[in-house]
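**Student:** One structure coming up, written as structure tokens, with questions to follow.
Bear in mind that the values in this text are calculations on the coordinates, not laboratory data. Computed from a predicted structure; not experimentally measured. Here Cβ is always computed from backbone atoms with ideal geometry, including for glycine, and neighbour counts include all displayed protein chains.
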Amino acid sequence: MRDTLTLEPEQVRKILRAVAAWMHGQDQRARAKRDELLEPVREVLERERVADMSADRFLRLVRDDGGLLTGYGVDVYGFMHLGFQEYLTARWLRGLGLDKPAELWGLAKRFEDSWWQEVILLMLAQRNPPVFEPFMRALAKRPELASWADTEMMDLCFTETAVKSATPFVEVLMKSEAGLGEQQVGAAKVLRRKMPEEFARLEGVLAEHPAAEVRAWWSSLQGSGTAGDAEVIVHEKAGIELVRIPAGSFLMGTAVGGLDRERPQHEVTLEAFYMARTPVTNAEYGRYLAANPDVVKPDVWGDRRYNQPEQPVVGVSWDEAKAYCDWAGLLLPTEAQW
């Protein structure tokens, strides 16, 4: 009678995630000897209380079944593609980070390590629940954050993540302990580039911040005309001029006798925010297309009547506009902001 795997599918997945995470953490290895993998397999089997399956037998059966984890010779194992190893490692780290957020500290140290960057992006792309906040909270504790804030990797994190949040960066900025100045400058840089509306709400905090490093950085922005309280700032990635809209209240909707769909009239209060001075132009949208060659161009992109650089881009759906904003680190305006 042929020996077969008798584990539940989720148990098999948990073991493969543990194996992938172990291999990925071993100095850029994509293959390992059987004896090396016994311990990570055994740990999951014990945690899952599987009494009728040994680690050695599991590895043999997985290899013979020709699944994701395959044999290279008699005693050498590896995943069929590095992408499988990266994805499974990301799943493992996501689960670990949700249960024990402190474990993400080690991953945050590897933010600029190319071997780990795809793993980080795959981890952030997962949802229900997302791990963006705990990972960024760990990242925000790193003194290197100030130099990482302007990197392509940080841009990709905000592009690929399932859910964005300003909370980890605001938390760091609000701390009053000494010695956090560099991290706090980094947090402010991230908010300024990726979440300008949140950045605008912190103007007073930055101007009076207890950390000298933050106050100096803020002063340098004021001197260059790009501070958070400026009437106009230029969004670095998108190249778009954003105009500051001050905080205030107004009546939204129509009074009795007006359109039913716009009633009841009610007061809305908005925090200060930034809005683009003009609709997105073809030149500005062209930056997005150049950075994302797989994105489909608007139908009229080649029509000279509509494709001049300073003309507003047309033929873009709501989903395409949202994808552009996600890439740029911006948001479509709400009805109240309009």
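**Student:** Report P(r) for the stretch 231-338: all Cα-Cα distances, bin width 5 Å, range 0 to the bin holding the largest distance, values in whole percent.
**Tutor:** 2, 10, 18, 18, 15, 12, 10, 9, 4, 1, 0
**Student:** Rounded to two decimals, what is the ratio between the C-alpha radius of gyration of the stretch 95-167 and 2.2 N^0.38 Å?
**Tutor:** Numbers: Rg = 11.1 Å, N = 73, 2.2 N^0.38 = 11.2 Å.
That works out to 0.98 for the stretch 95-167.
**Student:** How far apart, in nm, are the 7 Å Cα→Cβ label points at residue 277 and residue 203?
**Tutor:** Spacing of the two 7 Å Cα→Cβ label points: 1.8 nm.
**Student:** What are the principal axis extents of the Cα atoms in the chain, in Å, biggest first?
**Tutor:** Extents along the principal axes: 79, 55, 44 Å.
**Student:** Which whole-Hz couplings ³J(HN,Hα) result when phi for each residue of the stretch 293-303 is put into the Karplus expression 6.51 cos²θ - 1.76 cosθ + 1.60, θ = phi - 60°, listed in order with x for Gly and Pro?
**Tutor:** Each residue's phi maps through the Karplus curve to give x, 7, 6, 6, 6, x, 4, 9, 4, x, 8 Hz.
**Student:** Rg and Dmax in Å for the stretch 1-80, alpha carbons only: what are they?
**Tutor:** Looking at the stretch 1-80, its Cα Rg and Dmax stand at 11.8, 40 Å.
**Student:** For a quick check: with amide H placed at 1.01 Å from N, whose amide H comes under 5 Å from residue 31's, ignoring anything fewer than 5 positions away on the same chain?
**Tutor:** Placed amide hydrogens put nothing under 5 Å from residue 31.
**Student:** Sticking with this structure for a sec: Please list the equivalent ellipsoid semi-axes of the stretch 127-211, computed as the square roots of five times the alpha-carbon gyration tensor eigenvalues, in descending order and whole angstrom.
**Tutor:** Numbers: eigenvalues 85, 36, 31 Å².
Rounded to whole Å, the semi-axes are 21, 13, 12.
**Student:** Hydropathy first: keep DSSP H helices in the chain averaging at least -0.5 on Kyte-Doolittle, then drop any whose Cα extent along the axis falls short of 24 Å, and list what survives. Walk me through the numbers on the way to the answer.
**Tutor:** Details: long enough: 82-99 (26 Å, 0.00).
The qualifying helices are 82-99.
**Student:** Which residues' amide hydrogens lie under 5 Å from the amide hydrogen of residue 245, considering only partners 5 or more residues apart or on another chain, with H built in the peptide plane?
**Tutor:** Hits under the 5 Å cutoff: 273, 274, 275.
**Student:** Now for a separate question. Dimensions of the stretch 39-96 along principal axes (Cα, Å, largest first)?
**Tutor:** Dimensions of the stretch 39-96 along the principal axes of its Cα atoms: 31, 30, 17 Å.
**Student:** Something else now. Give the order of 86, 213 when sorted by the count of other beta carbons within 10 angstrom, beginning with the fewest. Working shown, then result.
**Tutor:** Numbers: 86 23, 213 17.
Going from sparsest to densest Cβ surroundings: 213, 86.
**Student:** Would you mind ranking 324, 306 so that the residue whose beta carbon has the fewest other beta carbons within 10 Å leads the list?
**Tutor:** Ranked by crowding around the Cβ, least crowded first: 306, 324.
**Student:** To the nearest whole percent, what portion of all C-alpha pairs in the stretch 95-240 is separated by more than 21 angstrom? Intermediate values should be presented prior to the final figure.
**Tutor:** Working: 4396 of 10585 pairs.
When every Cα pair of the stretch 95-240 is considered, 42 percent fall beyond 21 Å.
**Student:** Choose one answer from 49, 31, 94: the residue with the largest mean-square fluctuation in a GNM of the chain with alpha-carbon springs under 10 Å.
**Tutor:** So, out of 49, 31, 94, the one fluctuating most is 49.
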